[in-house]
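Shown next, in structure tokens, is the structure this report addresses.
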Amino acid sequence: MNDIQGFTFYKSYWESLSDFSINDKKDMLISIVDFVFNDKEPSLTGFKKTIWVLMKPNLQASKNKSHSKPKENQSKTVS
């Protein structure tokens with residue numbers, strides 16, 4: 001588990017899953033959360049893999065942004 005506390009979930013992510021079955025939606029949502037919070041790369045196939053390939057760059061950018069933010073305690077200087 002990493003130290004990321006949150007990420008942006010775009011409406012387009014949800015819309016891209018609109019025609020998926022409830023089980024496929026569940027697989028995708030778990031894959032997204034596992035990727036962001038646990039650094040786990042999913043092993044998906046078919047349309048789920050296609051959607052993942054389109055989502056991944058934005059999710060990775062969100063992760064990179066979270067990693068580059070200074071920690072609350074580290075950003076304060078002692079006088």
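Here are some notes:
- Kirkwood-type radius of the chain, with distances r between different C-alpha atoms, in Å: 13.9 Å
- Of all accessible heavy-atom area on the chain, the percent that carbon and sulfur account for (1.4 Å): 54 percent
- Available extension along the chain between D24 and L44 is 6.2 nm, counting 0.36 nm per residue and deducting the alpha carbon span.
- Our estimate of slack between V33 and Q60, defined as 0.36 nm per intervening residue step minus the Cα-Cα distance, is 8.5 nm.
- These residues, W52, W14, go from largest to smallest accessible area, 1.4 Å probe, as W14, W52.
- Solvent-accessible area per residue for the stretch 1-73 (1.4 angstrom probe, square angstrom): 70 Å²
- Helix-derived mean residue ellipticity, 222 nm - over the chain, DSSP H n ≥ 4, -39500 (n - 2.57), to 500: -20000 deg cm²/dmol
- Couplings 3J(HN,Hα) of the stretch 25-39, computed from phi: 4, 4, 4, 5, 5, 5, 4, 4, 5, 4, 5, 6, 8, 10, 6 Hz, in residue order, whole Hz [Karplus 6.51 cos²θ - 1.76 cosθ + 1.60, θ = phi - 60°; x for Gly and Pro].
- Cα-centred dipole magnitude for the chain, charges only on beta-carbon of K, R (+1) and D, E (-1), debye, nearest 20: 240 debye
- In percent, rounded to a whole number, the relative contact order of the chain is 40, using alpha-carbon pairs under 8 Å and six or more apart.
The values are calculated or read from the model by the stated rules, or taken from the named source; none is laboratory data. Remember, it's a predicted structure, so these values are computed and weren't measured experimentally. All Cβ positions, glycine included, derive from the backbone under ideal geometry; neighbour counts span all protein chains shown. We work out accessible area using only protein heavy atoms, side chains counted, and drop any ligands, DNA or RNA first. Shrake-Rupley method; radii C 1.70, N 1.55, O 1.52, S 1.80 Å.
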